[in-house]
Amino acid sequence: MTQEIGGFAAFNLNPNILAAVTATGYEEPSAIQQQSIPIIMAGHDMIGQAQTGTGKTAAFALPILHRIDPAKREPQALILAPTRELALQVATAFETYAKQMPGVTVVAVYGGAPMGPQLKAIRNGAQIVVATPGRLCDHLRRDEKVLATVNHLVLDEADEMLKLGFMDDLEVIFKALPATRQTVLFSATLPQSIRAIAERHLRDPQHVKIQTKTQTVTAIEQAHLLVHADQKTSAVLSLLEVEDFDALIMFVRTKQATLDLASALEAKGYKAAALNGDIAQNQRERVIDSLKDGRLDIVVATDVAARGLDVPRITHVFNVDMPYDPESYVHRIGRTGRAGREGRALLLVTPRERRMLQVIERVTGQKVAEVRLPDAQAVLDARIKKLTNSLSPLVADAESTHGELLDRLTADIGCSPRALAAALLRKATNGQALTLAAIEKERPLVPNNAPRGDRPERSGDRPERSDRERRAPVPLAEGRARCRTALGARDGIAAKNLLGAILNEGGLAREAIGRIQVRDSFSLVELPEDGLERLLTKLKDTRVAGKQLKLRRYRED
């Protein structure tokens, strides 16, 4: 067990926190965690520059939990996040790491949810408050002393907060916090606006920067597949049906995932084994030797356990779980395509991980193409091809060596050669389905959420439109209303700013918001007709780029 959490144990964290880290299955700290945790534990202010997906949530969550006093029933740490989704994600992470810390409570504060229960949770002594700036300012207007006991502040994705227009809200929050607090700021980029915040509100901050190297992996064919998290095993089994691989390594994040997935593969007849930090060195060597000589075809591994793994026959890499950072992605897929051979890498992406996919594409300078799960016909063709390949070498001299046996068996059984051949095929395939209807019943081969590839292709040749036509509002979909704001391009507004503000403060799902058109002096946004007035009231005080949004229904007569 010490081997698994050795890296985290070196920080001298609260034993209950270490126990929670052990339970998650993480094996050693990421680069941002290694550098940030000692600084935050020592009480210093800090500026951390790191991309999404580098493990920065644990980089501030673990040391802050270490410094929390569970006996004090009052807010002690405030984490600010730009969006509702990120706030919920960070709150969940804190709850996971605090599972074995009795008395520690976490509350998520964001728009779109009733304010009463949120304020009550804070007043009842939640020590960790994870909030979006806009909603937190709403609470400050009700109770300006609500943050008076906070002594740790974290700004997560500070650059995104400024893009979404939260600068004024941040200043209000800074004034409501004790001057003696510790402040930690994380940002993927450090523009002048972020530096200005640091100069005004941080005291002698230490700097941590995780270098993201631009890397290329041109020799490897890369693709990604959109799936829900609970569909990963089903997706892996479907992909294995059609992928023509020699040996394959699958990467997951935790030791438990290596065991679960390896068991699922073995149950389906694949020669698979798990490789994680709990496996002794001699057993690890046996697994690798078995992969080299063909006794194993698939290894399911964590990043740490797969370090130094060099098996030339690996033709495929499956990233079943998203890597923490682009560098890890490059290291993972580098296990294939060695010595001039071709390699193929597949990445499973959940809806929440699309942003990390974009980071990987930007850092590697390569587009990771999207693919779809194989349909029943593709699976049927693949199964028949495998059967054909296994039987073809046996046909040449089969009649001379087994012809007499065939005659005897057909006579003894009283059947035709065709019937006997069919029976032998059934036995050879272990009853595996080899018809479309049977395959479609086996399991759902397509996720419930249709990937982007399911959308109709756009016409390549679009008719030219006049300037007036391009500027005119497009027809509304049924159930939507068009709203107008006086904010436009000249105010420094982009569609993503409006989208983020409405998602964050309106509490809507992304699919509820339709087309956003940004013009020079105004913008148009399509919102659900049902409950529109309530939504506009909720968005009344929302600010974007420091200015009030002031959305109104747009009349087109």
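Please treat every number below as a calculation from the coordinates, not as lab data. Note that the structure is a prediction, hence the values are computed from the model and not measured. Every residue, glycine among them, receives a Cβ derived from its backbone with ideal geometry; neighbour counts consider all protein chains shown.
Sequence gap at least 6, Cα distance under 8 Å: using those rules, report the relative contact order of the chain to the nearest whole percent. With pairs under 8 Å counted, the relative contact order is 15 percent. Any idea what angle helix 398-413 forms with the longest principal axis of the chain, computed on alpha-carbon atoms, 0 to 90 degrees, nearest 10? Orientation of helix 398-413: about 90 degrees from the principal axis.
I need the shape label for segment 2-209. Rule: rounded when a/c is under 1.5, else prolate if a/b > b/c, else oblate, with a, b, c from the alpha carbon gyration tensor.
It is oblate, given that a/c is not under 1.5 and a/b is not larger than b/c.
Residue separation of GLU144 and SER263 scaled by 0.36 nm, minus their Cα-Cα distance, works out to 37.4 nm of gained length.
Here the label points at ARG515 and LEU436, each 7 Å from Cα along the C-beta direction, are separated by 3.7 nm in the simple model.
Assuming charge only on the beta carbon of Lys and Arg (+1) and of Asp and Glu (-1), the dipole of the chain about its Cα centre is about 1660 debye to the nearest 20. Length gained on full extension, ALA495 to THR180, computed as 0.36 nm times the residue gap minus the Cα-Cα distance: 109.6 nm.
Convex hull volume per residue, computed on the Cα atoms of segment 91-131, equals 59 Å³. Dividing the summed -39500 (n - 2.57) terms of all DSSP H runs of n ≥ 4 by the residue count of the chain sets its mean residue ellipticity at 222 nm at -12500 deg cm²/dmol.
The computed semi-axes √(5λ) of the Cα gyration tensor in Å for the structure shown corresponds, within (1) 46, 40, 20; (2) 39, 27, 25; (3) 51, 33, 21, to (3).
Ignoring lysines fewer than eight residues from LYS538 along the same chain, the ones with Cα atoms less than 18 angstrom from its Cα are LYS547, LYS550. If R0 is 30 Å, the Cβ-Cβ spacing of GLU243 and ALA396 corresponds to a FRET efficiency of close to 0.55. Note on the chain: antiparallel DSSP beta bridges, both residues inside, total approximately 20 percent of the bridges counted. Between THR429 and CYS415, the simple label model (points 7 Å from Cα in the Cβ direction) yields a spacing of 1.5 nm. Reducing segment 83-143 and segment 496-557 to their Cα centroids gives an inter-centroid distance of 25 Å.
Hey, got the dipole for segment 220-373? About the Cα centre, +1 on K and R Cβ, -1 on D and E Cβ, debye to the nearest 20? Walk me through the intermediate numbers first.
On the way: 22 positive and 22 negative charges, 40 e Å.
Dipole magnitude for segment 220-373 comes out near 200 debye.
A simple spin-label model places the labels of THR189 and GLU85 1.9 nm from each other, with each point 7 Å out along Cα-to-Cβ. By the count of neighbouring beta-carbon atoms within 10 Å, fewest first, HIS331, HIS201 end up ordered HIS331, HIS201.
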